[in-house]
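S.K.: Shown below is the structure under consideration.
The values are calculated or read from the model by the stated rules, or taken from the named source; none is laboratory data. Note that this is a predicted model, so its numbers are computed, not measured. In this analysis, Cβ positions are derived from the backbone assuming ideal geometry, glycine residues included, and neighbour counts consider all displayed protein chains.
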């Protein structure tokens, strides 16, 4: 297969696990002899689109943390993927889900875990920008912090808009003083029937 593809040095078909079995898919990972791969290649009579390969984040099946596999884990004991505690395996666990990566109420293997999504974004950035893993992590973390800061500012701004101003009189505080009781003279220069600022002829 490789010999028939121009510029390709290695090809690997992706397999997925179904229970205890591994099944081959129609997706093939190609390695090219140039830093920037082509957008399309010809395979026989077919023209195929080429997209960057973004692998799934590596999660240790022993400590359930991301970034290394079980064989490289330095933790002394394994923990349950469901509850994050040691001494048992997932199939024997009936505890409430607890993620050791983000402290959320889901298993460590959840694809909705914020830590999983962060690791996935790092791998996607690395594949699309041809940088190192550390460069990709730094760029993604900075972007996440910007998003959090923007959301926090927006929430604070909305909270201020919902704050009600102090109540004022219906006429805006411009009410004239009330007229004196009957039988008493009005102060000089004022008549109960006059509006403020008017003069008597």
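S.K.: I need the full set of residues from the stretch 113-147 which are within 11 Å of the chain's Cα centre (by Cα) and in a loop (DSSP other than H, G, I, E, B), in order please.
M.R.: If the condition is that a residue be within 11 Å of the chain's Cα centre (by Cα) and in a loop (DSSP other than H, G, I, E, B), then 113 is the only one that fits.
S.K.: In the stretch 78-89, is there at least one residue being free of Cβ contacts under 8 Å to residues at least 24 places away in the same chain and touching a helix residue (DSSP H, G or I) at 6+ places or on another chain (Cβ under 8 Å)?
M.R.: Within the stretch 78-89 (the criterion being free of Cβ contacts under 8 Å to residues at least 24 places away in the same chain and touching a helix residue (DSSP H, G or I) at 6+ places or on another chain (Cβ under 8 Å)), the answer is yes, since at least one residue qualifies.
S.K.: Out of (1) in contact with a helix residue (DSSP H, G or I) (Cβ under 8 Å, 6 or more places away or on another chain); (2) under 18 Å from residue 58 (Cα atoms); (3) touching a residue at least 24 places away in the same chain (Cβ under 8 Å), the odd one out for residue 144 is which?
M.R.: Failed condition: (2).
S.K.: With respect to residue 33, determine if the residue is outside the structural domain of residue 143 (by TED's automatic domain parsing) and either on the phi > 0 side of the Ramachandran plot or over 27 Å from the mean Cα position of the chain (by Cα) (or both).
M.R.: So residue 33 fits the description; yes.
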